[in-house]
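Peer 1: Can you read through this structure? Questions will come right after.
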Amino acid sequence: MDFPEEVALIEIADRYRLQELIGAGSFGQVYRAIDTWQHVIVAVKLEPCDFRVNQLENEEEVYGTLKYAEGFPVTHGFGTMDDVNYLVMDLLGPSLEALFHFCGKRFTLGTVLRIALQAVDRLESLHARGYVHRDLKPANFLVGVGEQTSLLYLIDLGLAVPYIDIVTRTHVQYNDEHELIGTPLFSSINLHHGIAHSRRDDLISLAYILLFFVRGSLPWQGIPTSVKAKRNDQLTRAKARAKPSQLCKGLPTPFCVFVEYVMRLEFDERPNYLYIRNLLRQCRSGVVSRAGESENAYDWEQRPEDRGAMYMTISCNVGSVSKATHEPSHPSTE
Ligand SMILES: Nc1ncnc2c1ncn2[C@@H]1O[C@H](COP(=O)(O)OP(=O)(O)OP(=O)(O)O)[C@@H](O)[C@H]1O
């Protein structure tokens, strides 16, 4: 489908009139749109049918299994129009990537822990349905809109795959011949070694994301992230050198215990989400009692007068600092 300059001329499925581009990744473009039947605003993700790998159908299917789970957008339609696949879903707010930039590229520990507790819940929900996400990064966590601005959503399930074999109902077999999929900055060392992605790798990515938020950077940032083996060796070595105790320097002990725990998980081990939540809660009670920090505000909510400007600045999440490696045969974007 050739897009006219004026996107507002495009109506998807004779119903969803595109208004504005609000996000773009390696796979598709996401538009704010108006549902002309229900008169509500929605998000429409578009993916060219002739794209090298079509993922939108998979994404729709995985969202379908999460219909009643908190913190995942509800989908309202999927189909093909001309040569474009479309997925209609709830419109959400800015991503943690955009909010991180808005807050000067660092979050306080209090905000990181609030994010962490919700993110663990999202992963538990997804894993309970038999899927691993495989592309966790700040751009894939969004806050809600309206009454839901405190709720963290997990999106972009196009790369999600089952970790349970549907025939045998057992965990998929260990295999170390996989290409790296996902976002190299946040991928676990297991994935650099070619090991199949399992639940532990989602949790390790989450740990890296949280460390990135609270430290402002990761030690291996800046190392080129091409899938070419040699360059990944460099990245793998840098990750291996960074011990949890160093990564967590200055952070409360339970946070370090959490990072060590997820890094020690076995390939097919069920993570103890309750244990993780308890560790994070222990950190949180320390933070709240020490700093007298407001229980209910994220960093980006601290100055309500900035909120309008914030939404103006970050309403268009086009582009991303951390792009994914989605397909083995194509080098990752950096
Ligand atoms: N439901 C939504 N509401 C509001 N914004 C959204 C929604 N879904 C996606 N976005 C925005 O669009 C961006 C790209 O979306 P998404 O990650 O689904 O696309 P992608 O092509 O798979 O991206 P990537 O290549 O980064 O994996 C998101 O980071 C987010 O900013």
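Peer 1: I'd like the full set of residues that are of a type in the set (Phe, Trp, Tyr) and part of a loop (DSSP other than H, G, I, E, B), limited to segment 153-201.
Peer 2: Result: 163, 174.
Residue-wise test of (1) among the hydroxyl-bearing types (Ser, Thr, Tyr); (2) within 30 Å of residue 15 (Cα to Cα); (3) away from the ligand (no atom under 13 Å from the Cβ); (4) touching a Lys or Arg at 6+ places or on another chain (Cβ under 8 Å).
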| residue | (1), (2), (3), (4) |
| --- | --- |
| 73 | no, yes, no, no |
| 78 | no, yes, yes, no |
| 82 | no, yes, yes, no |
| 86 | yes, yes, no, yes |
| 89 | no, yes, no, yes |
| 95 | yes, yes, no, no |
| 99 | no, no, no, no |
| 103 | no, no, yes, no |
| 112 | no, no, yes, no |
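Peer 1: For segment 144-152, check the following and say yes or no: at least one residue is outside any loop (DSSP other than H, G, I, E, B), modelled with pLDDT under 95 and polar (S, T, N, Q).
Peer 2: yes
Peer 1: Restricting attention to segment 60-76, does a residue exist that is among the basic types (Lys, Arg) and within 23 Å of residue 38 (Cβ to Cβ)?
Peer 2: yes
Peer 1: A further question on this structure: Name the residues in segment 255-288 that are of a type outside the set (A, V, I, L, M, F, W, C), assigned to a helix (DSSP H, G or I) and modelled with pLDDT of 95 or more, would you?
Peer 2: 260, 261, 264, 273, 275, 277, 278, 281, 282
Peer 1: Looking at segment 298-315, is at least one residue modelled with pLDDT of 70 or more and within 16 Å of the ligand (Cβ to nearest atom)?
Peer 2: Yes, there is a match, as at least one residue in segment 298-315 is modelled with pLDDT of 70 or more and within 16 Å of the ligand (Cβ to nearest atom).
Peer 1: Still on this model: Starting from segment 80-104, take each residue that is touching a residue at least 24 places away in the same chain (Cβ under 8 Å) and under 30 Å from residue 216 (Cα atoms) and list its partners that are within 12 Å of the ligand (Cβ to nearest atom) and among the β-branched types (Val, Ile, Thr), counting only C-beta distances under 6 angstrom and pairs at least six apart or across chains.
Peer 2: Partner pairs satisfying both residue conditions: 91/41; 91/42; 93/143; 93/145; 94/314; 98/314; 102/314.
Peer 1: Within segment 9-23, how many residues turn out to be among the aliphatic types (A, V, I, L, M) and either within 13 Å of the ligand (Cβ to nearest atom) or in a strand (DSSP E or B) (or both)?
Peer 2: The total comes to 4.
Peer 1: While we're looking at this one, here's another question. So which of 180, 152, 142 ends up being farther than 23 Å from residue 45 by Cα, in contact with a strand residue (DSSP E or B) (Cβ under 6 Å, 6 or more places away or on another chain) and within 16 Å of the ligand (Cβ to nearest atom)?
Peer 2: 180
Peer 1: Spot the failing condition for residue 50; the list is (1) acidic (Asp, Glu); (2) surrounded by fewer than 20 Cβ atoms within 10 Å (Cβ to Cβ); (3) within 19 Å of residue 145 (Cα to Cα), and only one is missed.
Peer 2: (3)
Peer 1: Output the residue which, of all residues in segment 150-192 that are more than 17 Å from the chain's Cα centre (by Cα) and of a type in the set (Val, Ile, Thr), is farthest from residue 26 (Cα to Cα).
Peer 2: Top of the filtered list is 168.
The values are calculated or read from the model by the stated rules, or taken from the named source; none is laboratory data. Everything numeric in this text was worked out from a predicted model, so none of it was measured. Note that we place each Cβ from the backbone using ideal geometry, even for glycine, and neighbour counts take in every protein chain shown.
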